[in-house]
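Asker: Shown below is the structure under consideration.
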Amino acid sequence: MAQHSNKKAQVQAVTANRVIDGIVVYLTEKAEWSESLQDAAVAEGKEAGETLLARAQPAVETQHIVDPYLFEVAQEDGKIVPASVRERIRMAGPTVRLDLGKQAEGNAA
């Protein structure tokens, strides 16, 4: 499994890509996958993070998701936000065209 997180990160979530359409998804408390980071299960500390990441493995084995990994998050104004620019970009969708992906939903007239 890929590891893109800061080794000293205290608060982390698990992300992956859904195999059927490539959409970025987040592991929830119920071990389901959501397109919304706000639904993500959050782990505090290294051991809790490793446990959370291990909960993603069955979805890899059934080919529901690919490449799950931990990434650092923070709480801002009661919302979960990615700590890195990379994860903010992944959450927003493709950066090449504003008429595609999640950005298009916000630009709809």
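Asker: Give the ranking of E87, E32 by solvent-accessible surface, highest area first, calculated with a 1.4 Å probe.
Answerer: E32, E87
Asker: Does segment 38-107 come out rounded, prolate or oblate, given a ≥ b ≥ c as the square roots of the eigenvalues of its C-alpha gyration tensor, rounded meaning a/c under 1.5 and, failing that, prolate meaning a/b above b/c?
Answerer: The shape class here is oblate.
Asker: Heavy atoms of the protein only, probe of 1.4 Å, neighbouring chains included. What is the accessible area of E29 in Å², nearest 10?
Answerer: 120
Asker: Ignoring ligands and nucleic acids, what accessible area does T62 show with a 1.4 Å probe (Å², nearest 10)?
Answerer: Looks like 100 Å² after rounding.
Asker: Would you work out what percent of the accessible area of segment 2-96, with all protein chains in place, is carbon or sulfur (probe 1.4 Å)?
Answerer: 52
The values are calculated or read from the model by the stated rules, or taken from the named source; none is laboratory data. Please read these numbers as outputs of a predicted model, since none were measured by experiment. Keep in mind that these areas ignore ligands, DNA and RNA; they rest on the heavy atoms of the full protein, side chains included. Shrake-Rupley method; radii C 1.70, N 1.55, O 1.52, S 1.80 Å.
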